[in-house]
Structure formats: structure tokens, C-alpha cells
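**Q** Take a look at the following structure, please.
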Amino acid sequence: MPCLRSLRLAVAVASLTGLASAAQAADWNLATPYGDASFHTVNTKQFADDVREATDGELDITVHSGGSLISHGEIKPSVRRGTVQAGEIFLSILSNESPVFELDTLPGLAGSYDEAWALWQASKPVIEELFAEQGMKPLYAVPWPSQGIYTDIALDDPAQFEGLRVRAPNINTQRLTENLGGLPTETEESDIPTAFSTGRVDAMITSVSTGESMAAWDYVSHFTDANLWIPKNIIFVNQKAFDRLDQASQDALLEAAAQAEQRGWEASKADMAGSAQALEENGITISEPVDAVAKALSEAGDTLFQDWESRADDRAKALIEEYRSNIE
Ligand code: PCA
């Protein structure tokens, strides 16, 4: 009965293959600190949907927004351990790990989206290396609109920074605040309303996007469009979880990531315009820094830059050279 035998064999092989592909199907979790109102989260959820569709549901990524699964500071350690497979963070919260993670929060370096893109292209290989050393793989990065200063008074004199309690999202924003004579407090985006309502802060440095998502008009009246820098979020995965995917799913994930990156940069530009309009409609006055404030910001920025140079290794400094030669 050779025929029956081979048929049995064929059935066995087919069911084994079936089992193997069922075992490759993966349910992933992706943790982000940012809420559903953020264009970043909209983009990240679209990325997850695209991956699900491109893999016919074989790779199903659930996005946990607003820090609901893991707090911001714990996201990278959790992806590193593999407790969650993927995460999104504000890249510059890693600045104590390497001066390379500070590059997108250095004043005067990249002041437009084109320059921010060139800076990302220059720094990406080293950022990938730094993540790889910890068993992780960056997928894509998306910028926030440029950072400015929210106050409850018109900012027309640098002396107003003296003793001003400023909410800051990362270390360089804290340093800049100190250089201006202010008192920085690091606060997560989601804690901004509480920080203002409990009187912990008088002012904040962030983008028009976060100002809109956090209803800045409830606490402040002015936005000084200082264009300090254009910082990014980074989306990354646990390398072992990535390696466990079959080739088709890996390819689909990387393709969806490339699209998410492009879409995210465009979304950031669109959100910059839309959020500025929303702020104004809700009564916030938006203006460029007056000369005296611009001068103080530029001096405080220079000090910040010099501090960075004194901390930075040759590799980090070389990235700045490469970036500068690319934009010339
Ligand atoms: N919004 C985030 C990061 C930078 C930004 O524009 C925040 O303020 O926390």
C-alpha cells in the first residue's frame, strides 16, 4: 500500500507545516507613554494595523497608549528584557546613556524639518548600534514640532526666567532652563495638567502639539515660538522577538515601519500647523521671541552646546560633522 503510506506522510507533513506556521503567529504588545490624542499615537496605531493587514494577522501588535501598560521610564528596560516586544519613547530621555541621544535636543543644530531629517539620517546608524548593544532594534523615528515656551504672561524680558518653575520633558530642557535662571522640573506629558493645577509649575517647554493635547489654555496664555529644537520619538523592538518572526513577517514589519516613518514626519508638519491654530482659537497668543529674550535663549543655548561638547566622545562629535557636511 505504498500509495496510502505516501498519502499519510503527505497529510502528516501538511499538518506539521500547519503547526509550524501557527506557532509563528505572534501577538505583540507595544507600549507608548503618549495618549490617543497625539498624532504620534495615531501613527503608531496605523503602523500596527498595517502590520496586521500585511501579515494576514500573523503578527498582531496591540498598542498600549498613555503609559497604560508601562510608565515611560520603564518602557525601554521592559523591551530590553522582552517583557513587551515593542515600545515607543521620547528618544532624548536616554541622554544620560550617550551624548548621541542628545543630538536632537541641541539648540541651533537642526531648526527645520529638513535639517531634523538630515540629523536623523546621520545619527541613525550609531543609534541602531547603541540599541543593538542592548538587544534591541529601532524601527523608525518621528519628530515632534519644534519646542517653545508656554507662560502665563507675555515673555518680553529675560529677567522673567529668574525663579520661573518650568516643566521640562528631558534633561537638556532642564539644563536650558537652569542656564536661563529658571527652576526646571521633569514632568511626563500626561502629568502636565496636574503639575499646573497643583501649582508645581508656572511654565512649560514643549511643542504646539502637546500644548493642544494637554489643553494648555487652561493654565497659560502665551506661547513663545522659540524653535529650540526638533526632538523625536523612537519606536523599537526586542531583537529576539524580531528574530523569532518568519521572514515574511519581518519584511512586512520593516516595510510598515518605513511607511510609518514617512507618514509620521508628514503628520508632524501638519499637526504643527493644526495645533498652532487650535491654540490661538482657544486664546493663546503665539509670538516669536522678542530680541532680548532671543539673545538670552541663544546665550543659554550656546552654554548648553558647549557643555555637550565637553561631554561628547569623538563618535558623537563626528556625527555632527557628518550632519553639517550633508546639509551644506
Ligand atoms: N511633547 C512631548 C515631548 C516633546 C513634545 O513636544 C512632551 O512635552 O513631553
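The values are calculated or read from the model by the stated rules, or taken from the named source; none is laboratory data. No experiment lies behind these values; they were computed from the predicted model shown. Virtual Cβ from ideal backbone geometry, glycine too; neighbours counted across all protein chains shown.
**Q** Quick one: is residue 115 more than 16 Å from the chain's Cα centre (by Cα), charged (D, E, K, R) and under 22 Å from residue 205 (Cα atoms)?
**A** So residue 115 fits the description; yes.
**Q** Could you say whether any residue in the range 235-253 is within 22 Å of residue 266 (Cβ to Cβ), within 14 Å of the ligand (Cβ to nearest atom) and in contact with a Pro (Cβ under 9 Å, 6 or more places away or on another chain)?
**A** no
**Q** Among the residues of the range 159-177, are any within 14 Å of the ligand (Cβ to nearest atom), out of contact with any Leu (no Cβ under 9 Å at 6 or more places or on another chain), small (Gly, Ala, Ser) and not in a strand (DSSP E or B)?
**A** No, every residue in the range 159-177 fails to be within 14 Å of the ligand (Cβ to nearest atom), out of contact with any Leu (no Cβ under 9 Å at 6 or more places or on another chain), small (Gly, Ala, Ser) and not in a strand (DSSP E or B).
**Q** So, of the residues in the range 186-199 that are modelled with pLDDT of 95 or more and β-branched (Val, Ile, Thr), which turns out to be nearest to the ligand (Cβ to nearest atom)?
**A** Checked the range 186-199; the qualifying residue nearest to the ligand (Cβ to nearest atom) is 192.
**Q** Only one of 74, 88, 128 is under 27 Å from residue 260 (Cβ atoms) and part of a strand (DSSP E or B); which?
**A** 88
**Q** Could you give every pair whose Cβ atoms fall below 8 Å, whose first residue belongs to the range 152-173 and is without any contact (Cβ under 8 Å) to a residue 12 or more places away in the chain, and whose second residue is of a type in the set (A, V, I, L, M, F, W, C), counting only separations of at least 6 or pairs across chains?
**A** Here the result reads 160/153, each pair linking the range 152-173 to a residue that is of a type in the set (A, V, I, L, M, F, W, C).
**Q** Restricting attention to the range 202-231, and to residues there that are near the ligand (Cβ under 8 Å from one of its atoms) and either more than 18 Å from the chain's Cα centre (by Cα) or assigned to a strand (DSSP E or B) (or both), which single residue is surrounded by the most Cβ atoms within 10 Å (Cβ to Cβ)?
**A** Step by step, filter the range 202-231, then rank; the result is 204.
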